[in-house]
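Worksheet: the structure to be examined is printed underneath.
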Amino acid sequence: MDSEKLQEAAFEIILSSGDARTLVHEGFKSMREGNYEEAEGHLNEANESLVKAHKAQTELLQQYASGEKIEMEIIMVHAQDHLMTTMTLREVAIEMLSLYQKVAQ
């Protein structure tokens with residue numbers, strides 16, 4: 001895989017996971033305001049963006065598994081870090097939403 005294609009994949013991962021991160025933070029804001037359905041909607045939208053990012057990552061893994069040599073670049077390391085931290089942040093947000101709802105009852 002050439003450097004340009006790898007960078008395109010990395011930027012897709014960064015863009016999609018960045019969109020997801022923004023949506024998770026909107027979900028946190030909705031939680032603080034007591035708008036739990038809205039928060040859940042933001043977290044569901046965040047998941048859709050994460051699925052896009054994960055798809056780009058999976059395509060790279062499939063190419064690697066089929067024997068294609070992929071030279072790792074720092075932008076891809078950054079992209080992977082961005083994706084994994086955002087996935088973790090969303091998981092924490094889901095737990096926090098549950099706690100907010102229990103406290104509100």
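The values are calculated or read from the model by the stated rules, or taken from the named source; none is laboratory data. Computed from a prediction, not measured in an experiment: that's the story for all the values here. Note: ideal-geometry Cβ built from the backbone for every residue, glycine included; neighbour counts use all protein chains shown. Only protein heavy atoms, including side chains, enter the accessible area calculation; ligands, DNA and RNA are left aside. Shrake-Rupley method; radii C 1.70, N 1.55, O 1.52, S 1.80 Å.
Across segment 75-81, coupling constants 3J(HN,Hα) worked out from phi with the 6.51/-1.76/1.60 Karplus curve, θ = phi - 60°, read 5, 6, 4, 4, 4, 5, 4 Hz, and Gly and Pro carry x.
Each peptide in 24-36, 8-20 gets a packing score, the mean of other Cβ atoms within 10 Å over its residues, and the list from highest to lowest is 8-20, 24-36. Whole-Hz Karplus values for segment 83-93 come out as 5, 5, 5, 5, 4, 5, 4, 5, 4, 5, 4 Hz, taken residue by residue from phi with 6.51 cos²θ - 1.76 cosθ + 1.60 and θ = phi - 60°; glycine and proline positions read x.
When ranked by the protection proxy of mean other Cβ atoms within 10 Å per residue, highest first, what sequence do the peptides 79-85, 96-102, 54-60 form? If you can, show how the numbers build up before the last one.
Numbers: 79-85: 17.6, 96-102: 13.4, 54-60: 16.0.
Top of the packing list down: 79-85, 54-60, 96-102.
Protein heavy-atom surface of the chain, 1.4 angstrom probe: 54% of the accessible area is carbon and sulfur, with nucleic acids and ligands not counted. Listed by chain and number, the lysines whose C-alpha is less than 22 Å from the C-alpha of residue 55, apart from same-chain residues fewer than 8 away, are 5, 69.
Against the chain, whose longest principal axis comes from its Cα atoms, helix 3-32 is set at around 0 degrees. Straight-line cross-link reach from residue 29 at under 18 Å between alpha-carbon atoms covers these lysines, not counting any fewer than eight positions away in the same chain: 102.
Could you give the accessible area per residue of segment 29-105, probe 1.4 Å, as a whole number in Å²? Let's see the in-between values first.
Numbers: 5250 Å² over 77 residues.
I get 68 Å² per residue for this part.
Given the choices (1) -0.57; (2) -0.62; (3) -0.69, log10 I(q)/I(0) by the Debye sum over Cα atoms at q = 0.15 Å⁻¹ derived from the coordinates of this structure is entry (2).
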